[in-house]
Structures are given as structure tokens and as C-alpha cells.
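Report on one structure; see the data block that follows.
Read-outs throughout are calculated quantities, based only on the coordinates presented, and are distinct from any laboratory measurement. Just so we're clear, the structure is a prediction, and the values are computed from it rather than from any experiment. Ideal geometry is used to build each Cβ from the backbone, glycine not excepted, and the neighbour counts take in all protein chains shown.
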Amino acid sequence: MSLDLDAIDRAILNTYQGGFPICEHPYQVAAEQLGITETDLINRLQGMLDKKQLSRFGPMYHAERLGGGLSLCAMRIPETDFDRVNDQVNAFPEVAHNYARDHAFNMWFVLATETPDRIDTVLQEIEQTTGYRVYNMPKKQEFFIGLKFEV
Amino acid sequence: MNESEITTLDDLDRKIIVATQSGLPLVSEPYAVIAKEVESSTDEVIKRVKRMLESGIIRRIGAVPNHYTLGFKGNGMTVWDIPDNKVRQCGEMIGALDFVSHAYERPRHQPEWNYNLFAMVHGKDRTEVEKKVKLIADMLGDNNRGHEILYSSRILKKTGLRLASAK
């Protein structure tokens, strides 16, 4: 695997997928831990963000605890109808991510609503608009959300 | 930590969430920048962020790696049909593997959809993902009544999470 990351970038990634200090000068504190300068740390993080090696840097929120609704939904759309349905589904602002997958269940999207009871309403609206069933698959139990990804 | 603590977010908390949901400012004093944006003090913002981390509103603070650009091109959503009374045990086993980033129990929709356990498996290519899935299947033994790997073929939409906006 050829990664455009040097030893310090790797150390940053492996050390700070969590536990980043919360204080007035957090980059300074973290940089000292890593044995580099604050400016170097900030520049490296910016570089990894620019190269999309990081999706983001900062607090990761627990969406369900913010009071909104969140669910994974799936649909089975015939290929000939896929583009039309895709446009209709994506037009809903509550559809956050949407992925095409190689399966009979070929459309998978995350629905995020401002209140939990809006999930069912939006889901029904999508069914009415598209003419296809939406399979609601909200999380029932969470076993792990990655933190240990080593590079 | 109890339910009421979890859900007690006031306007300032919400403003801080909105101000940081795309990331922590990459400047020497990021919390001072946020404080200015939400019209509060640096100390108050730091206090709020610490509190949200303790209560679990914030899962963690740090780098979120992009598996794909870091060379893990074979990301598969694996789905498993596990007896309901074994799903916790199996979920915890799968979740502990270092090539799995998320593991959830989700409802079945029988007869079309029999799978109740979802796990994102990461590998440098699909061959590696398939090897890892084989490993999981061996580990689960008879508790695995069927599984599939769903690869994503296209991203159709990707936006940030929507939050109730601060008043």
C-alpha cells in the first residue's frame, strides 16, 4: 500500500483519532506530545484534509443524542427506473448520504431528521413520490464505532 | 449519566455544535474562534465541549480517517443473518476486529431481507475484504445462517448531517 504519509503523519493519525486535548491551545499541547511544533501539526492536518486523507478533524457528534432522528433506509429499484428515483430521493433534504450498492437492494441512504418522529413521515413521502417501498433499518444496537484504524 | 443529561442541550450548545460540525478550526486558539462565532467566551466554550464529551453527545475529538484515500479501496458493507438471541455476542466479536469500523444490529424485513447484523469491513481491495469476511464467517460458525457483501458502486449523495438549527 503506497500511502502519501510520512512517519509523523502516521503518528498524528494513530495517536489522535480521539482524545484530542480540549484547552486554549490544543494544537500546542498535542504537538508537544508528538515532538513537533504547533505550526507543523496544523499544517500537516490541513494537508491531510486537503488530500482527503482525513474526512474531517474535530468533534464527532453522536447524532442520535442530538435529539434528531436518524435511520438507514434501503430500496429495491429496477435499473431502468434508477435515475428517476435517485433524483427524487436526493431531492429530499433529509437524505444525508446515499449510496448505490451492487445488490437487489441497490439504493441505501441515511435519513436525518430534526425530530425522531419525522423519520416515518419522510419515509412515507419518499414512498409516495417514487412509488417504491422504503425498507427502514434503524440501528437497534451498536457494537463498535471505529477508533482503532491504524495506518 | 442519565437521559435528562443526555438531552439537555441549550441554545449555546447547539450553536457550538453547528459551528464545529464541519471541524475544529485549524488555528492556534480554535476555541477562541468558536467563542467569537457563538458570541460567548473561550472558557465557556471549552467547558461546554468538555461537558458534551463527558455526556456522550460528542463521541470523540480528533482525526476521522478516510479509509478510501488511505489505501483501503475495498470497503464492503457486510450483512449477516444471526439468531436474535446471539446477535449481541456475535456483534461484539465482530466489532472487536481491527478491520471492522462499524457494527450494528438492525431490523429484518422478512422475507425480502433476513439480515440483522451489519458490519463495515475494510481491506485494500475486494479480495482482501473477502478473505476477512471468510474469517468472520469461520469465527461465527453455526451462528451465521447466511451473509452477503454489498459493495458501493457509486456515491449518489453526500452532505453533512442536518442538525436542528440554533435559535
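Springs between alpha-carbon pairs under 10 angstrom, Gaussian network model over chain B: which of B:HIS147, B:HIS122, B:HIS109 fluctuates most? Fluctuation is largest for B:HIS109. The lysines whose alpha-carbon is closer than 22 Å to the alpha-carbon of A:LYS52, local same-chain residues fewer than 8 away aside, are A:LYS148, B:LYS73, B:LYS124, B:LYS157, B:LYS158. Listed by chain and number, the aspartates and glutamates whose C-alpha is less than 13 Å from the C-alpha of B:LYS36, apart from same-chain residues fewer than 8 away, are B:GLU44. Farthest toward the positive end of the dipole of region B:46-139, out of B:GLY74, B:VAL64, B:LEU117, is the Cα of B:VAL64, where the dipole comes from beta carbon charges about the Cα centre.
Other residues lying with their Cβ under 14 Å from the Cβ of A:ARG44 contribute a combined charge of -4, Lys and Arg counting +1, Asp and Glu -1.
Taking other Cβ atoms within 10 Å as a rough exposure proxy, B:ASP142, A:ASP120, B:ASP11, A:ASP9 sort from fewest to most as B:ASP142, B:ASP11, A:ASP120, A:ASP9. Positive end of the dipole of the protein assembly as shown (Cβ unit charges, origin at the Cα centre): among B:ASN144, A:GLN28, A:VAL110, the Cα lying farthest that way belongs to B:ASN144.
For chain A, the membrane-span-like helix rule (DSSP H, alpha carbon extent of at least 15 Å along the helix axis, mean Kyte-Doolittle at least -1.0) picks out A:38-50, A:118-130; this says nothing about an actual membrane. For region B:48-158, the square roots a ≥ b ≥ c of the C-alpha gyration tensor eigenvalues yield an a/c of 1.5 or more together with a/b not exceeding b/c, which makes the shape oblate.
Starting from the Cα gyration tensor of region A:7-50, take the square roots of the eigenvalues, sort them a ≥ b ≥ c, and report rounded, prolate or oblate (rounded when a/c is under 1.5, otherwise prolate if a/b is larger than b/c, else oblate). Cα axes put region A:7-50 in the rounded bin. You can think of it this way: the chain between B:LYS47 and B:ASN66 has 3.9 nm of extra reach, that is 0.36 nm per residue less the Cα-Cα gap.
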